[in-house]
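**Q** One structure follows; several queries about it will come next.
Values quoted throughout were computed directly from the atomic coordinates according to the rules given, and no laboratory measurement underlies them. Please read these numbers as outputs of a predicted model, since none were measured by experiment. Cβ sites come from the backbone with ideal geometry, for glycine too, and all protein chains shown count toward neighbours.
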Amino acid sequence: MIDWSQCSAVERHPGKVSGAWLFKGTRVPVKALFENLEGGATVEQFLEWFAGVERAQVDEVLEHAQRSLETA
């Protein structure tokens with residue numbers, strides 16, 4: 001399991017979107033990125049569909065996930 005607490009692009013608040021990990025400053029769950037990518041969407045499409053999420057945040061989330069999987 002990925003420890004999102006070490007990724008500065010995301011945040012979690014118990015009363016916000018059921019406590020899911022969100023892209024910082026948005027209500028967009030991190031899992032939405034992975035679900036859309038798994039469904040065949042591109043990062044560019046995800047950014048179009050989820051206003052407020054920045055490219056740098058997506059890049060950091062993907063890099064964090066990759067590093068986490070490499071050390072698992």
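**Q** I want the local charge near Thr42. Using Cβ-Cβ distances under 15 Å, sum +1 for each Lys or Arg and -1 for each Asp or Glu among the other residues.
**A** Counting the neighbours of Thr42, the net charge comes to -4.
**Q** Give me the extension gain from Gln66 to His13: residue separation times 0.36 nm, minus the current Cα-Cα distance, reported in nm with one decimal.
**A** 16.7 nm
**Q** In percent, how large is the relative contact order of the chain, given Cα pairs closer than 8 Å and 6 or more residues apart?
**A** 30 percent
**Q** Out of Gly25, Leu47, Leu37, whose Cα points farthest toward the positive end of the dipole of region 4-71 (charges: +1 Lys, Arg; -1 Asp, Glu; placed on Cβ)?
**A** Positive-end residue among those listed: Gly25.
**Q** While we're on this one: May I ask for the net charge around Glu11, where only other residues with Cβ less than 12 Å from the Cβ of Glu11 are counted and Lys, Arg are +1 while Asp, Glu are -1?
**A** Overall, the nearby charge balance is +4.
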